[in-house]
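Colleague: Below is one structure. I have some questions about it.
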Amino acid sequence: MAAEYATFGLAPAMRAGGVLAGGDFQVHRDFVDFIVDGRPLLFRLSDLDAVSPLASDIPPAIFTQQVRALLLEAEAPLPGGRYVIYGCPECADLACGAVTAVIRRDGDDVVWQDFAWQTGDRADLELNGYHGIGPFRFSGAEYRAALAALLDGADTAGPRSRILLIGARAAVLARLAAALRTIGIGADITRDAAHVPAEELRAYAAVAFGRAVPEAERTAVRAAFERAGLDVAYVDGLAPIVPLLVAQIEHALDRVPVERRRLTRLSVADGAARIEVTSPCRVRLTAYRLDRLYRTHTRELFDGLLGPGEHRIPLDPRATRGESYLVARASTSVLATPVPG
């Protein structure tokens, strides 16, 4: 392929949901991202919290309509031949802001150009244009094959995102299930999955165990999924803290290869958290602590933009004494770890 061309592909992506400090919720969204020259296009847009129009939770007819629009089989939805590339993950309303671009044919090729941040019918390229991004020229055959695969069912935007919760503390499980459902993840509670029919087990993407679940019980659950021929993620709950467990489950649901994630490592050593990121993004670091009466204490330790590489963030000893845990969150990924005692 000539040097002037960019490669085009599609890959599963996730907007990480979660229970945030203060009780706010962030909705979980699975979507298909655009991979340009081997890298998610979203990562070129710095700290943008957004999803593509190819999201798993939109009705099939609308999903098909979005794909056909990108294939240029319908008129552009916005003036000037502009298409929404990324939109608000909460409501998809243009008024919240969206990244748009002109998509056009040039012979057999397809060109994406004039990227801009847009909140109304018209884009102001001078004021809100992404001047360092694009234009991208794609081979028409490669471009159409990638998108047509979505219509043919060779690739889909809809992963399983239902969780099976197993634990000894009914109240914690109920609160966890309610939190997961609020952010868009289905959740069911059980104590025995050994005799559940295989067709029912297929609904689950992950199984979360409370830390009081005996090893024999865990083994029986794993065996039931193995007999059904299912490959699911298993989460060993760190503590009965709902936001922490939600973060662990979000991490388990992340199907994105490590090399395409923004957050790749979280560890604690020498009184500091070490966070590794692959592209500029906003990172929030939260500490959760259980006191001697098993009450949860939450503390926001950091909220800021980090560049690519490893970063050292000193920890407040008062926020991490005793039994405590850290959660690092970016828009597309989340990590959790215990703080060594």
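The values are calculated or read from the model by the stated rules, or taken from the named source; none is laboratory data. If you're wondering where the values come from, they're calculated on a predicted model, not measured in any experiment. Cβ: placed from backbone, ideal geometry, glycine included. Neighbour counts: every protein chain shown. What goes into the accessible areas is simple: the full protein's heavy atoms, side chains included, and nothing from ligands, DNA or RNA. Shrake-Rupley method; radii C 1.70, N 1.55, O 1.52, S 1.80 Å.
Colleague: Identify all residues within the stretch 55-96 that are closer than 21 Å to Pro135 by Cα, open to solvent by less than 30 Å² (accessible area, probe 1.4 Å) and under 20 Å from the mean Cα position of the chain (by Cα); write none if there are none.
Modeller: Hits for the stretch 55-96 are Ile85, Tyr86, Gly87.
Colleague: Name every residue in the stretch 248-298 that is assigned to a loop (DSSP other than H, G, I, E, B) and among the aromatic types (Phe, Trp, Tyr), in order of residue number.
Modeller: Passing the criteria: only Tyr294.
Colleague: Suppose we keep only residues that are among the hydrophobic types (A, V, I, L, M, F, W, C), touching a helix residue (DSSP H, G or I) at 6+ places or on another chain (Cβ under 9 Å) and not in a loop (DSSP other than H, G, I, E, B) within the stretch 27-46. Which one would you say is surrounded by the most Cβ atoms within 10 Å (Cβ to Cβ)? First the steps, then the outcome.
Modeller: Initial filter on the stretch 27-46 (among the hydrophobic types (A, V, I, L, M, F, W, C)): 27, 31-32, 34-36, 41-43, 45.
Right, trim to touching a helix residue (DSSP H, G or I) at 6+ places or on another chain (Cβ under 9 Å) and you get 27, 32, 34-36, 43.
Checking the rest, the ones that are also not in a loop (DSSP other than H, G, I, E, B) come to 32, 34-36, 43.
Details: Val32: 25, Phe34: 22, Ile35: 18, Val36: 20, Phe43: 19.
Restricting to residues being among the hydrophobic types (A, V, I, L, M, F, W, C), touching a helix residue (DSSP H, G or I) at 6+ places or on another chain (Cβ under 9 Å) and not in a loop (DSSP other than H, G, I, E, B), the top hit is Val32.
Colleague: List the pairs whose first member sits in the stretch 319-341 and is at pLDDT below 90, whose second member is surrounded by fewer than 18 Cβ atoms within 10 Å (Cβ to Cβ) and not in a strand (DSSP E or B), and whose Cβ atoms are under 8 Å apart, counting only residues at least 6 apart or on separate chains?
Modeller: Gly341/Gly322
Colleague: Is one or more of the residues making up the stretch 55-77 assigned to a loop (DSSP other than H, G, I, E, B), touching a strand residue (DSSP E or B) at 6+ places or on another chain (Cβ under 6 Å), within 26 Å of Gly120 (Cα to Cα) and in contact (Cβ under 8 Å) with a residue 40 or more places away in the chain?
Modeller: yes
Colleague: Could you check, for the stretch 268-288, whether at least one of its residues is open to solvent by less than 10 Å² (accessible area, probe 1.4 Å) and under 13 Å from the mean Cα position of the chain (by Cα)?
Modeller: No: zero hits.
Colleague: Restricting attention to the stretch 222-240, and to residues there that are closer than 18 Å to Val196 by Cα and within 21 Å of the chain's Cα centre (by Cα), which single residue is surrounded by the most Cβ atoms within 10 Å (Cβ to Cβ)?
Modeller: Top of the filtered list is Val232.
Colleague: As an exercise: evaluate Leu151 against (1) surrounded by fewer than 19 Cβ atoms within 10 Å (Cβ to Cβ); (2) over 29 Å from Ala11 (Cβ atoms); (3) under 24 Å from the mean Cα position of the chain (by Cα) and give the number of the one condition it does not meet.
Modeller: For Leu151, the failing item is (2).
Colleague: Give the residue that is farthest from Pro243 (Cα to Cα), with candidates limited to residues of the stretch 7-20 that are touching a Pro at 6+ places or on another chain (Cβ under 8 Å) and either among the hydrophobic types (A, V, I, L, M, F, W, C) or free of Cβ contacts under 8 Å to residues at least 24 places away in the same chain (or both). So that I can check it myself, show each step before the final result.
Modeller: Initially, the stretch 7-20 is screened for residues touching a Pro at 6+ places or on another chain (Cβ under 8 Å), giving 11-13, 15, 18-20.
Subset that is either among the hydrophobic types (A, V, I, L, M, F, W, C) or free of Cβ contacts under 8 Å to residues at least 24 places away in the same chain (or both): 11, 13, 19-20.
On the way: Ala11: 28, Ala13: 22, Val19: 5, Leu20: 7 Å.
Residue satisfying both the conditions and the ranking: Ala11.
Colleague: Give all pairs with beta carbons closer than 6 Å in which a residue from the stretch 160-181 that is more than 9 Å from Ala208 (Cβ to Cβ) meets a residue that is not aliphatic (A, V, I, L, M) and not in a loop (DSSP other than H, G, I, E, B); count only pairs at least 6 apart in sequence or on separate chains.
Modeller: Arg162/Gly186
Colleague: Exactly one condition in (1) touching a residue at least 40 places away in the same chain (Cβ under 8 Å); (2) closer than 28 Å to Phe25 by Cβ; (3) of a type outside the set (Lys, Arg) is not met by Asp188; state its number.
Modeller: All conditions are met except number (1).
Colleague: Exactly one condition in (1) open to solvent by 70 Å² or more (accessible area, probe 1.4 Å); (2) closer than 30 Å to Ile241 by Cβ is false for Asp49; which is it?
Modeller: Failed condition: (1).
Colleague: Can you pull out the helices (runs of 4 or more DSSP H) entirely within the stretch 122-241 that have at least 2 residues that are at pLDDT 90 or above, out of contact with any Leu (no Cβ under 9 Å at 6 or more places or on another chain) and closer than 26 Å to Val256 by Cβ? I'd like the intermediate steps shown before the answer.
Modeller: On the way: elements: 125-128, 140-152, 170-182, 198-201, 215-227.
Hits in the stretch 122-241: 140-152, 170-182, 215-227.
Colleague: In the stretch 192-212, what residues are more than 28 Å from the chain's Cα centre (by Cα), of a type outside the set (Gly, Ala, Ser) and within 21 Å of Ala168 (Cβ to Cβ)? It would help to see each step written out before you state the result.
Modeller: So in the stretch 192-212, the residues more than 28 Å from the chain's Cα centre (by Cα) come out as 192, 194-197, 212.
Then drop every residue that is not of a type outside the set (Gly, Ala, Ser), which leaves 192, 195-197.
Across the stretch 192-212, the qualifying residues are Asp192, His195, Val196.
Colleague: What tally of residues in the stretch 15-25 results from selecting those that are more than 16 Å from Glu300 (Cα to Cα) and assigned to a strand (DSSP E or B)?
Modeller: Total meeting the criteria: 1.
Colleague: Shifting gears a bit: Tally the residues that are in a loop (DSSP other than H, G, I, E, B) and either open to solvent by 40 Å² or more (accessible area, probe 1.4 Å) or farther than 16 Å from Ala21 by Cα (or both), restricting the search to the stretch 322-341. Quick ask: steps written out before the conclusion?
Modeller: Residues of the stretch 322-341 that are in a loop (DSSP other than H, G, I, E, B), as a first pass: 322, 330-333, 339-341.
Still in the list and also either open to solvent by 40 Å² or more (accessible area, probe 1.4 Å) or farther than 16 Å from Ala21 by Cα (or both): 322, 332-333, 339-341.
Total meeting the criteria: 6.
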